[in-house]
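Heads up: the structure comes next, in structure tokens.
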Amino acid sequence: MSATQAGPLRAFVAMIRAEQVNLTERWMKAVFGDSDLNESDKLTYEQLADHLPNILDEICVALENEDLDKAEPAMERNARLHGKMRWRQGYRIDELIRELELFRQVLMGALTQYVETHRDFTRRNEERARHYIDEALSFVTLTSVREVVTERDRKIDEYTGRLERANHELQLKQQLVSELYESRMQITRSVVHDLRNFLNVFSMALQLVARAPSKTETALALANRQAADMKVLVDELVEYAVVLRDANTVAIESFALRELFDELVASCRPSIEAKGLQFDTSFDPQLAAVSSNRLKLKQVALNLLTNAAKYTKTGRIGLTMAADGNDHWLLRVSDTGVGIGQHDRERVFEEFERVAGDDVPGAGLGLAIVKELCRVLDGKIRFDSREGFGTTFEIRFPTLLSLKD
């Protein structure tokens, strides 16, 4: 194409460049005055203009060269930015198309005025100018709409992901509620079962007194033993309820582990030795003060020691506190009791599990309490056991307990 042929279009482009501000303002006035463009009323002049001046520059490049390909990369980039911006500003697709159509009308109006005032601008020149303007703005419109659709789809995917996650969380919560309901029903069944047994035995004792007054002492001993077992059951239920209620409230204090150790030995030795068991104790002199919750640590140790004594008929109970590096320490409780069978290992920390059967008093909540307290105290619990030979529980606690968010 010769310079002579390109000259008329370049002269028209020069006029557009010179009138760029007026053309942009004319387009803005048309947009603000269009009743179908609601979102534009919320924008400032700067927000509305957006990338249109840059797009107009690229249209001028296409007209100058009579070649859309040269201007297409920059035009696409600005059109995508325009579409993304309009999406963020709340435009609907039809509003985006409408405002770009108004932009086309403004340019076509400028071309008509130019043709009327420049007799040397032939019909062929006009047709070619209209062709490039139409092609350029069709490309800009399509690219902008595609960007809006992409942003919309991305947002839909984001919302879908959120909905899926929320649905998953809801399912987990529903499952938790179901498990909690079953757990509460299990509490009810367990307590009702134990209460029925208690009342049956107590009724038998009363019948024995009525039928054989001479056996009153035997009957009272039976009733007292049953009442003591029920007290253990109620105490465990109350303790577990308290642990669940304040599990997220941890008051951290600094205290000497030796003092807690001595307190545990003094409180547990009489009952352990009263069963004819030997009480072996060991304290690591490297252990000094720790920062944790003293009462909850005491609960953990007492539940382990009480549990060990329940399931041990002969032999010994062991209590050890030892250092484990600079940042942790170990609490170890061992026994020579009945042990835990291989098939019971998975459920040993579950509520109302009594691996040795119903002949041991209590609700089977001791290890469930220990598990919950260890979660709060950041303790890592493990155990080794051989059925018929005994069990050793070991918990690794941090020396400095940190509050969790």
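In summary, strands (runs of 3 or more DSSP E) completely within the stretch 321-405 and bearing 3 or more residues that are modelled with pLDDT of 80 or more and loosely packed, with under 15 Cβ neighbours inside 10 Å occur at 380-386.
Within the stretch 270-293, how many residues are surrounded by 15 or more Cβ atoms within 10 Å (Cβ to Cβ) and modelled with pLDDT of 90 or more? Count: 9. Mind checking which pairs have a first residue in the stretch 15-31 that is in the same structural domain as ASP57 (by TED's automatic domain parsing) and more than 14 Å from ASN54 (Cα to Cα) and a second that is among the small types (Gly, Ala, Ser) and loosely packed, with under 15 Cβ neighbours inside 10 Å, Cβ under 9 Å, 6 or more apart or different chains? These pairs meet every condition: ARG26/GLY109. For the stretch 111-133, the set of residues classified as in contact with a helix residue (DSSP H, G or I) (Cβ under 6 Å, 6 or more places away or on another chain), in a helix (DSSP H, G or I) and touching a residue at least 12 places away in the same chain (Cβ under 8 Å) consists of LEU111, TYR114, ASN125, GLU126, ALA129, TYR132, ILE133, listed by residue number. Would you confirm, using the coordinates I've provided, whether ALA71 is touching a Leu at 6+ places or on another chain (Cβ under 7 Å), closer than 24 Å to GLY7 by Cβ and crowded, with 20+ Cβ neighbours inside 10 Å? Spelling it out, it is not the case that ALA71 is touching a Leu at 6+ places or on another chain (Cβ under 7 Å), closer than 24 Å to GLY7 by Cβ and crowded, with 20+ Cβ neighbours inside 10 Å. Residues of the stretch 66-85 that are touching a Ser or Thr at 6+ places or on another chain (Cβ under 7 Å) and either of a type in the set (Asp, Glu) or modelled with pLDDT under 85 (or both): GLU76 alone. Against the conditions (1) touching a residue at least 12 places away in the same chain (Cβ under 8 Å); (2) assigned to a helix (DSSP H, G or I), GLY90 satisfies every one except (2).
The values are calculated or read from the model by the stated rules, or taken from the named source; none is laboratory data. Computed from a predicted structure; not experimentally measured. As a convention, Cβ positions derive from the backbone with ideal geometry for all residues, glycine included, and neighbour counts pool all protein chains shown.
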